[in-house]
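**Student:** The structure under discussion is supplied below as structure tokens; questions concerning it will follow.
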Amino acid sequence: MTMCFKIVPRDVPASAVSRPLGISEAHFANCLADLLARGFPGPGATTGNFDLKAVEAWQDRRSGLSGAIVAGMAKDAGAVVAERLAAMRNGYDQGPLLQRSKGGPGLLALEQGMQAMGFPSSVPCGPDGPDAWKIAQEWNARWQVARTGREPAPKHVWPRGSLGEAFDRFRTTETWKTDKAHRTREDWERGWSHIAPIFGDLAPRTVTLEHIDAWYHALKVMKSVSEAHRAMKIWRALWNVAAAMHYCSAEQDPSFGIRRETPKGRSATWEEGEVVQLMKAAWRRKYHGLACIIAIAYDAQFAPVDSRSLCLRDSRDDGLKLWFEIDRAKTGRDALATLSLRTQALIRAYVATLPNNL
């Protein structure tokens with residue numbers, strides 16, 4: 001007796017895979033590029049057929065029936081960069097933390113830099129008032145924690161083959177986690193916040209000199225020469241990382257055709273009398289810590305980051321003189337802060353106001 005089995009193909013041609021989508025083969029052919037960009041499973045390399053189970057899983061994810069995020073495929077820069085740059089010039093990434101909703105009296109918490117690290121584009125905060133500001137402050141606190149690396153940002157899955165995926169992979173390496181100083185990682189994240197909204201989900205190979213040139217000059221206008229310089233520096237460093245991961249070629253970085261404008265160095269000078277006035281004004285307004293920071297920065301010529309991060313454990317006191325010994329944040333080199341008698345007295349007065357358990 002011969003046994004008969006009915007075999008249902010799992011891999012099917014385009015004429016069959018269009019049917020679960022409820023469209024004709026011709027319509028499917030027209031939509032295929034957009035579907036692939038949204039993570040639709042592509043055809044087999046040998047047969048050209050589509051996996052019906054993979055299609056069904058994609059439909060479940062698209063409809064929210066699965067917890068996975070549809071990463072999709074990296075986009076072509078030519079299709080989206082012009083529109084994104086136009087939005088940038090019209091105020092993209094310029095919104096305040098709180099902005100009044102156009103659809104009603106509620107407030108939305110907005111921070112475009114958050115989106116580059118996986119945060120939502122907006123958060124309803126309710127009617128203007130203490131409760132709304134509390135919600136906004138909570139989200140701002142989350143952003144500060146994620147931005148400084150104290151906790152990971154919400155997981156964002158970049159499309160396969162994109163520059164964002166390359167950066168995510170780089171963040172998992174020991175080179176990133178242990179070899180790069182904390183301040184260096186902060187610098188990369190700050191530059192990435194300008195790169196991600198325009199190029200994060202794009203295939204690096206599709207980015208052209210014209211795209212980079214328009215982006216860089218828009219940053220100079222919308223932000224500053226300094227921020228544009230920083231963003232371009234991180235772009236070039238990230239391109240080399242992506243090239244090492246075979247996302248692009250190191251020799252084909254389109255930014256090579258652009259000469260960066262170097263930011264002007266700080267040139268402002270402060271007389272002692274001006275500094276004393278600022279210090280006294282801060283103290284009278286009960287900003288005692290700020291008064292000490294101003295005084296220490298002037299006496300020791302410390303960078304702002306070094307002055308702000310001083311702790312009591314960094315101080316030395318022999319009963320006659322008070323001074324600080326630190327490792328500079330940017331270079332890691334030892335630094336000694338010698339202080340004037342006025343600043344020493346100011347610090348001692350401030351410390352006397354602090355709780356004993358600090």
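**Student:** Any idea how far apart LYS180 and ASP60 come out in nm if each label point goes 7 Å out from Cα toward Cβ?
**Tutor:** Output for this residue pair reads 3.6 nm.
**Student:** Give me the distance in nm between label points sitting 7 Å out from Cα along the Cα-to-Cβ direction at SER267 and ARG342, one decimal.
**Tutor:** Result for the modelled spin labels: 2.7 nm.
**Student:** Could you pull out every one of the aspartates and glutamates with an alpha carbon less than 15 Å from that of LYS75, ignoring same-chain neighbours closer than 8 positions?
**Tutor:** ASP34, GLU83, GLU165, ASP201
**Student:** HN-Hα J couplings of the range 280-287 from phi, Karplus 6.51/-1.76/1.60, θ = phi - 60°, integer Hz, Gly and Pro as x?
**Tutor:** With the stated coefficients, the range 280-287 comes to 5, 4, 5, 5, 5, 8, 6, 8 Hz.
**Student:** With charges only on Cβ, +1 for K and R and -1 for D and E, what is the dipole size of the range 249-358 about its Cα centre, in debye, rounded to 20?
**Tutor:** My answer is approximately 440 debye.
**Student:** List the GluC sites (Glu not before Pro) within the range 258-358 that fall in a DSSP loop (any state other than H, G, I, E or B) and whose Cβ has at most 11 other Cβ atoms within 10 Å.
**Tutor:** The qualifying sites are GLU271.
**Student:** ³J(HN,Hα) across the range 236-244 via Karplus (A = 6.51, B = -1.76, C = 1.60, θ = phi - 60°), whole Hz, x for Gly/Pro?
**Tutor:** 5, 5, 5, 4, 5, 5, 4, 5, 5
**Student:** Read phi for every residue in the range 26-33 and hand back ³J(HN,Hα) as whole Hz from Karplus 6.51 cos²θ - 1.76 cosθ + 1.60, θ = phi - 60°, with x for Gly and Pro.
**Tutor:** 5, 5, 4, 4, 5, 8, 4, 4
**Student:** List the trypsin sites (Lys or Arg not before Pro) in the range 264-358 that DSSP assigns to loop (not H, G, I, E or B) and whose Cβ has at most 15 other Cβ atoms within 10 Å. Which are they?
**Tutor:** Those satisfying the criteria are LYS264, ARG266, ARG285, LYS286, LYS321, ARG328, LYS330, ARG333.
**Student:** According to the square roots a ≥ b ≥ c of the eigenvalues of the Cα gyration tensor, what is the shape class of the range 11-62, taking rounded for a/c under 1.5, prolate for a/b larger than b/c otherwise, and oblate for the remainder?
**Tutor:** Taking the square roots of the gyration eigenvalues as a ≥ b ≥ c, the range 11-62 is rounded.
A short reminder: the numbers here are calculations on the coordinates, not readings from a lab. Fair warning: this is a prediction, and the values are worked out from it, not measured in the lab. Note that each Cβ is placed from the backbone with ideal geometry, even for glycine, and that neighbours are counted across all protein chains shown.
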